[in-house]
Amino acid sequence: MLANDVHSKFPPGAGLPLGVRTLCDYLDAHGYPISGCFEISTIGDQDMAAWFPNDEAMQQQFAVFGRGSTGSVYALWLREGIEADKAPVVVLGSEGEMLVLATNCSEFCRLLGCGYDELEWDDLTNPSPEWEAAQPLRDWLKARLNVDCPHTGEDIVAAATSQYPDFEDFVRQWQDANLDG
């Protein structure tokens with residue numbers, strides 16, 4: 001079962017949020033695409049080792065569950081011991097982007113339901129051209145999580161950014177202190 005494989009790569013003690021399980025179950029039942037270029041990831045520990053080399057404590061603050069087509073990493077930010085179900089969803093982009101996308105996994109599922117191709121690149125103030133293609137996912141999310149998806153992702157990301165404005169600074173401070181150059 002895919003959900004178990006994803007969860008096995010989470011830091012010790014981190015639970016698997018219902019939203020991540022729901023996305024894994026959707027993939028098990030329907031295959032790709034889930035929404036846009038988003039994919040479920042089972043190599044989270046490798047991703048975090050690349051972002052935060054030689055710092056296991058820092059790596060353990062992220063539970064990776066997804067990837068984008070360019071290698072972007074989608075993870076739960078387990079800051080200050082926050083429970084996985086309540087953790088914000090962040091993206092560590094292949095080009096160095098560091099964004100908070102959703103206040104929790106349920107909100108991230110709603111964002112995926114918008115149908116955007118690449119969440120860190122697309123203009124989330126406009127509806128996705130792939131809105132109709134994401135209808136099966138929206139139906140699944142409604143049935144499993146009882147959530148509705150907005151036509152744009154702007155408000156979801158704005159709420160997350162407002163609640164967690166320090167994410168990029170948090171990562172940059174670590175980089176400045178730990179990486180050469």
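Indicate the gyration tensor shape class of region 31-77 (rounded, prolate or oblate), computed on the Cα atoms with a ≥ b ≥ c the square roots of the eigenvalues: a/c under 1.5 is rounded; otherwise a/b larger than b/c is prolate and the rest oblate.
Numbers: a/c = 2.97, a/b = 2.36, b/c = 1.26.
Cα axes put region 31-77 in the prolate bin.
Within the listed set C149, C105, C37, the residue fluctuating most in the Gaussian network model of the chain (springs between alpha-carbon atoms under 10 angstrom) is C37. When the chain is treated as a GNM with alpha-carbon contacts under 10 Å, the residue of A87, A14, A49 showing the greatest mean-square fluctuation is A49. An oblate overall shape is assigned to region 31-109, the ratio a/c of its alpha-carbon gyration tensor axes (a ≥ b ≥ c) being 1.5 or greater and a/b not exceeding b/c. From the Kirkwood radius over Cα pairs of the chain, Stokes-Einstein at 37 °C and 0.692 mPa s returns a whole-number translational diffusion coefficient of 202 µm²/s.
With a cut-off of 8 Å between alpha carbons and a minimum separation of six or more residues, what is the relative contact order of region 1-102 in percent? Working shown, then result.
Working: 167 pairs, mean separation 23.2, N = 102.
Reported as a whole number, the value is 23 percent.
Got a number for carbon plus sulfur as a percent of region 59-181's accessible area, 1.4 Å probe? C and S fraction of accessible area: 45 percent. Other residues whose C-beta falls under 11 angstrom from the C-beta of M48 contribute a net charge of -3, scoring Lys and Arg +1 and Asp and Glu -1. Close amide H contacts of M98 (hydrogens built in the peptide plane, cut-off under 5 Å, sequence separation of 5 or more or a different chain): G93.
Heavy atoms of the protein chains alone define the surface here; on that basis the chain has 47 Å² accessible area per residue at 1.4 Å probe size.
Relative contact order of region 111-178: what whole-number percent is it, with Cα pairs under 8 angstrom and at least 6 residues apart?
The normalised contact order for region 111-178 reaches 34 percent.
Backbone geometry of region 55-63 corresponds, through the Karplus equation with coefficients 6.51, -1.76 and 1.60 at θ = phi - 60°, to 3J(HN,Hα) couplings of 9, 4, 4, 5, 4, 6, 7, 10, 10 Hz, x marking Gly and Pro.
In terms of the Cα gyration tensor, with a ≥ b ≥ c the square roots of its eigenvalues, is region 2-69 rounded because a/c is under 1.5, prolate because a/b exceeds b/c, or oblate? Don't skip to the end; give the middle numbers.
Details: a/c = 2.92, a/b = 1.65, b/c = 1.77.
Taking the square roots of the gyration eigenvalues as a ≥ b ≥ c, region 2-69 is oblate.
Residue-wise HN-Hα couplings along region 71-77, as the Karplus relation 6.51 cos²θ - 1.76 cosθ + 1.60 with θ = phi - 60° gives them from phi, are x, 4, 10, 9, 8, 8, 8 Hz; Gly and Pro carry x. Helical content of the chain, expressed as a calculated mean residue ellipticity at 222 nm, amounts to -11500 deg cm²/dmol (DSSP H runs of 4 or more residues, -39,500 (n - 2.57) each, divided by residue number, nearest 500).
The values are calculated or read from the model by the stated rules, or taken from the named source; none is laboratory data. As the structure is a prediction and not an experimental result, all values here were calculated from the model. Here Cβ is always computed from backbone atoms with ideal geometry, including for glycine, and neighbour counts include all displayed protein chains. With ligands, DNA and RNA removed, areas are computed over all heavy atoms of the protein, side chains included. Shrake-Rupley method; radii C 1.70, N 1.55, O 1.52, S 1.80 Å.
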